Amino acid sequence: MGGTYSVNDIILNDYRNETFSSHASNLGALMAHELSGLTGAPAFIVDPVTTDEFIPEARISGIPGIERKSRSHALNIKYCVRKTVKSLNISIHKSRFIVAHLGSGFSIAAVRHFKIIDVNDALLGMGPFSIERAGALPIAGLLDLIFNENKTRKEWEYLFSKKSGLAGYVGTSDFKQIESQLNDPKVQTIYSAMVHQIIKEMGAMFAVLEGKIDGLILTGGLAHSEQLMTDISSKMPFTNPIYIYPGSFELEALVEGVLPIISGNEKPKDYV
């Protein structure tokens, strides 16, 4: 579930063992624990990437024994929902948004009543390809690739999460450089395919929310790109209004998540 958790031995072990993900943010809990030991200050985790609020149907993959995972930019997604409902003066627990965090990886989520009820796996697989991530792949082609090349699991994970997507096709993950090359037909085609997959995933989340939404939220580093925001917005008129928050707001989100705890207005959740 989302929310603010006290750092305990169970959460520390899960991060050390990479139980749910191999991600740089895993270091946050470990560093907080070390600093807590040095200073005596309490340590908390707010809306981690493994925040899991899926409805039961969202977990089913199509293959018994393989479950869809909830791994997303939950911290920034939830903060942007809070920001939007405040500006609209509506109840956060009655709100319904499609939220797209667009960075080196993409999270496109259906957020109903402040819960991420469905989202693509932003760390490895599912959803559109991004700047570095492969996204969902044709199974036959994936099997051919794996059985024809001798790579370890770690090497495959690195390829799919860091050397695929736009970077894999055009040779760079610098989006400003990619934008400057859009007059190249090959680059334009790959870019257009990425936009196509983004809006396709947004359409899926629109269906998950039964077409009843308070708007579409676009955020993350790529939201700084006026071209990309225009290209997405022009193809999503049925999701209006559209709210754009360029960048990531992790630090603000951490403060907002912890203040109610240290002020005594709320209690932290127990991670079990």
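No value in this document is a laboratory result; all are computed from the given coordinates. Small disclaimer: the values here were computed from a predicted structure and weren't measured. When we count neighbours, we look across all protein chains shown, and the Cβ atoms used for this are built from the backbone with ideal geometry, even at glycine.
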Of all residues in the range 231-257 being in contact with a Ser or Thr (Cβ under 6 Å, 6 or more places away or on another chain) and not hydroxyl-bearing (Ser, Thr, Tyr), which is nearest to Asp47 (Cα to Cα)?
Gly257
So which residues in the range 231-267 are in a helix (DSSP H, G or I), in contact (Cβ under 8 Å) with a residue 60 or more places away in the chain and charged (D, E, K, R), if there are any at all?
Glu250, Glu252, Glu256
Within the range 12-44, can you find the residues that are touching a residue at least 60 places away in the same chain (Cβ under 8 Å), farther than 21 Å from Leu124 by Cβ and surrounded by 17 or more Cβ atoms within 10 Å (Cβ to Cβ)?
Phe44
Name the residue, out of Leu251, Leu259, that is under 21 Å from the mean Cα position of the chain (by Cα) and closer than 30 Å to Ala32 by Cα.
Leu251
Return the only residue of Leu145, Leu124 being part of a helix (DSSP H, G or I) and among the hydrophobic types (A, V, I, L, M, F, W, C).
Leu145
Given (1) in contact with a helix residue (DSSP H, G or I) (Cβ under 6 Å, 6 or more places away or on another chain); (2) more than 13 Å from Glu201 (Cβ to Cβ); (3) assigned to a loop (DSSP other than H, G, I, E, B), Asn150 misses just (1)
Test for Gly220: is it crowded, with 19+ Cβ neighbours inside 10 Å, within 17 Å of the chain's Cα centre (by Cα) and of a type outside the set (A, V, I, L, M):
yes
Given (1) among the hydrophobic types (A, V, I, L, M, F, W, C); (2) under 25 Å from Ser225 (Cα atoms); (3) surrounded by fewer than 23 Cβ atoms within 10 Å (Cβ to Cβ), identify the lone condition not met by Leu142.
(2)
Filter the range 188-213 down to the residues that are over 17 Å from the mean Cα position of the chain (by Cα) and either hydroxyl-bearing (Ser, Thr, Tyr) or farther than 22 Å from Glu57 by Cβ (or both), then identify the one that is surrounded by the most Cβ atoms within 10 Å (Cβ to Cβ).
Tyr191
